[in-house]
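A.B. asks: Submitted below is the structure of interest, expressed as structure tokens.
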Amino acid sequence: MSSDIRRVVVVLNPNSTGDGPANAERLRGELDGTVPVELVETQHAGHAEEIARDAVREDDGTLVVSASGDGGYHEVVNGVTTAGRGLAAVLPSGNANDHATATQDRPLAQAIRDVVEGGRPTRIDLLQVSGEGRSRVAHSYAGVGITPVAAAALNEHDLDAVKESFLVVRAFWRYRPMTITHDGQQIDLDSLVFANIDRMGKYAQLSDDSAPDDGRYETLLIRHRSKLRLLADFTRVLRGVHPVKSRSEPFEFLTHSPMPLQLDGEVFHVDGGSTVTVRCLPLALRTVR
């Protein structure tokens, strides 16, 4: 499989209220004369995944860039992974941009030029979440419970501290605990998060030493106790002092009721009585960063 980038396909939502369209145009200008760049607009939910899959199947020298936040990049990564070839990268254009913040240390145009001019793409781990005969991958995190719900609520708004605090309190007030079975033990939990990067949402710091290419992932589990204790635990997560467990082996649990799973901010629902397995796919994604 060729590691050269022969073309770049930038996927963008033309109706986005963010900077995706403008950033996509800027990237095309920055790469002018370096590599062919094509801008492709999405037409419906899930379309970015289709575009990415078809683009890399057509030419495995394609780099698919998502001009979006973490949710749009989630679709692109799943499309590239389904095709089993090509490369994916994110041009941060969302509100939180957690993945780009955690993994990119230079402008994307520069990283692309370096590969086109003879450098090598890099690889990062992915999280695979399987259940009910379905399987998806996440580039940054997967989770159930209040932590991903609150993080998603904050990501959707660009507000001042008072209004953001109101969103978190409202999410906590409405939240009800979930029950799973793991390793033969029934657990009532308020939050269960699996992370491939060191943060989630604009504020939730999960780890100081995790890396997206170390073959491991971090697990944060908060058991259900009381609203006050939950608020204290969430505060510890925000401060980066809540204990997490680093693991390489799969984590399997049985749901006792229907529940939403959040993968990179995108919501997927699983039925009660479902067995869900989360595992690390070491160095599964070819990317530039």
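A.B. asks: Taking the options Arg236, Arg199, Arg176, name whichever one is crowded, with 21+ Cβ neighbours inside 10 Å and at pLDDT below 80.
C.D. replies: After applying the criteria, what remains is Arg199.
A.B. asks: Which members of region 124-141 meet the condition of being out of contact with any Pro (no Cβ under 8 Å at 6 or more places or on another chain) and assigned to a strand (DSSP E or B)?
C.D. replies: Leu126, Leu127, Gln128, Val129, Ser130, Gly131, Arg134, Ser135, Arg136, Val137, Ala138
A.B. asks: Go through (1) touching a helix residue (DSSP H, G or I) at 6+ places or on another chain (Cβ under 6 Å); (2) without any contact (Cβ under 8 Å) to a residue 12 or more places away in the chain for Asn15 and report which single condition fails.
C.D. replies: Result: Asn15 fails condition (1) only.
A.B. asks: Consider only pairs whose beta carbons are under 6 Å apart and that are at least six residues apart or on different chains; among these, list those whose first residue lies in region 106-132 and is crowded, with 16+ Cβ neighbours inside 10 Å and whose second residue is among the basic types (Lys, Arg) and assigned to a strand (DSSP E or B).
C.D. replies: Short answer, once both residue conditions are applied: Pro121/Arg286; Gln128/Arg279; Val129/Arg136.
A.B. asks: Right, here's the next one. Please indicate, with yes or no, whether at least one residue in region 251-259 is among the hydroxyl-bearing types (Ser, Thr, Tyr) and either out of contact with any strand residue (DSSP E or B) (no Cβ under 8 Å at 6 or more places or on another chain) or modelled with pLDDT under 90 (or both).
C.D. replies: Checked against the condition, which is being among the hydroxyl-bearing types (Ser, Thr, Tyr) and either out of contact with any strand residue (DSSP E or B) (no Cβ under 8 Å at 6 or more places or on another chain) or modelled with pLDDT under 90 (or both), region 251-259 yields no hits at all.
The values are calculated or read from the model by the stated rules, or taken from the named source; none is laboratory data. In this text, all values refer to a predicted model and were calculated from it rather than measured experimentally. Methodologically, a virtual Cβ is constructed for each residue, glycine included, from the backbone with ideal geometry; neighbour enumeration extends over all protein chains shown.
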